[in-house]
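Reviewing the structure listed below.
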Amino acid sequence: MSIQAPVRRITAPQIRARKGGDPIVSLTSYHAHTARLMDDHVDFILVGDSLGMVMHGMESTVPVTVDMMVMHGRAVMRGTRRALVVVDLPFGSYEGSPLEAFHTASRILKETGAGAVKLEGGKHMAETVRFLVDRGVPVMGHVGMTPQAINTLGSFKARGRDEGEADLILEDACAIAEAGAFALVVEAVAESLADRITQEVAIPTIGIGGSVRCDGQILVLEDMLGLSERVPKFVRKFADLGEQIEEAVVAYADEVRQRTFPGPENVYGAPAQKPAE
């Protein structure tokens, strides 16, 4: 009789140990069924606050709440058994103080079962990262273009194209790594800057609009599947499901209006009559 070994979920320290090794694969997910489909093929799944825009039609990530992150985090955990699940700390839930960040992070980890949290910011968030890590919270950092700061940045544009800004972002990356983060998302920066960050920090870099030489890559699932109307330059559409879904909806609507659906194979017959005795 064979006994199947239990599937063990990937952990933050295992991701940390991948620095300079095989590329780390990641995608976002916000619900159980897509998480289930990708679980065997990615190393970690990010429940990103991008769900505000992708799932809820918001204009930015700023209005996303902790309750929303918990709800979607639970769904993703229910759909997975192998990949590390990382949940974003939403805007306004961690910036006030390290203690505020700990309360938010501990709630998310407890209520979702996820293995780590992610937060945005550079040097000014290093103390918070260290505070969380010292208290048992695995933290993924995020530098470069930080969507939660859209109201001060003004637009979702690439960062670090001039030397002065590039040096500041590199300092941010180093500060977050030194504070104890296990990995670092590097978003929408000049390729040369992503390369410098990858070379100079001791933790894995996860590129999204960074460089092929980052230690790993991440994309928003709906973007790479062709479900989003507009996507950044750094997205490659690996499928065009938006067009396929619309074609399927049109075909369904036509059949309903023509009364060809449901067909005989889609309906239930009357129960068989018992023969008379």
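Some points to look at:
- From the options Ala166, Ala173, residue that is closer than 26 Å to Pro13 by Cα, part of a helix (DSSP H, G or I) and touching a helix residue (DSSP H, G or I) at 6+ places or on another chain (Cβ under 7 Å): Ala173
- Selection count, the range 35-71, where residues are touching a residue at least 40 places away in the same chain (Cβ under 8 Å) and small (Gly, Ala, Ser): 4
- Hey, Thr260 more than 30 Å from Leu132 (Cβ to Cβ) and hydroxyl-bearing (Ser, Thr, Tyr) or not: yes
- Among (1) surrounded by fewer than 22 Cβ atoms within 10 Å (Cβ to Cβ); (2) over 17 Å from Ile15 (Cα atoms) - the single one Leu193 does not satisfy: (1)
- Unique match (being in contact with a helix residue (DSSP H, G or I) (Cβ under 7 Å, 6 or more places away or on another chain) and hydrophobic (A, V, I, L, M, F, W, C)) among Val256, Val267, Val249, Val235: Val235
- Considering the range 127-144, the residues that are part of a helix (DSSP H, G or I), over 12 Å from Ala177 (Cα atoms) and among the hydrophobic types (A, V, I, L, M, F, W, C) include one that is farthest from the chain's Cα centre (by Cα), namely Phe131.
- Number of positions in the range 80-100 that are outside any strand (DSSP E or B) and touching a Leu at 6+ places or on another chain (Cβ under 8 Å): 3
- Gly115 more than 26 Å from Asp67 (Cα to Cα) and under 18 Å from the mean Cα position of the chain (by Cα): no
- Subset tally (residues that are among the basic types (Lys, Arg) and more than 22 Å from Lys118 (Cβ to Cβ)) for the range 195-254: 4
- Evaluation of Gln217 against (1) polar (S, T, N, Q); (2) exposed (fewer than 13 other Cβ atoms within 10 Å of the Cβ); (3) closer than 17 Å to Phe44 by Cβ (one fails), failing number: (2)
- Taken over the range 25-78, residues that are touching a Pro at 6+ places or on another chain (Cβ under 7 Å) and either surrounded by fewer than 16 Cβ atoms within 10 Å (Cβ to Cβ) or in a strand (DSSP E or B) (or both) amount to 1.
- All of Glu165, Glu187 fail the test of being acidic (Asp, Glu) and either in contact with a His (Cβ under 9 Å, 6 or more places away or on another chain) or crowded, with 18+ Cβ neighbours inside 10 Å (or both), apart from Glu187.
Every read-out reported here was derived from the displayed coordinates using simple, explicitly stated rules and does not represent laboratory data. These numbers were taken from a predicted model, which means no experiment stands behind them. Every residue, glycine as well, gets a Cβ built from its backbone with ideal geometry; the counts of neighbours run over all protein chains shown.
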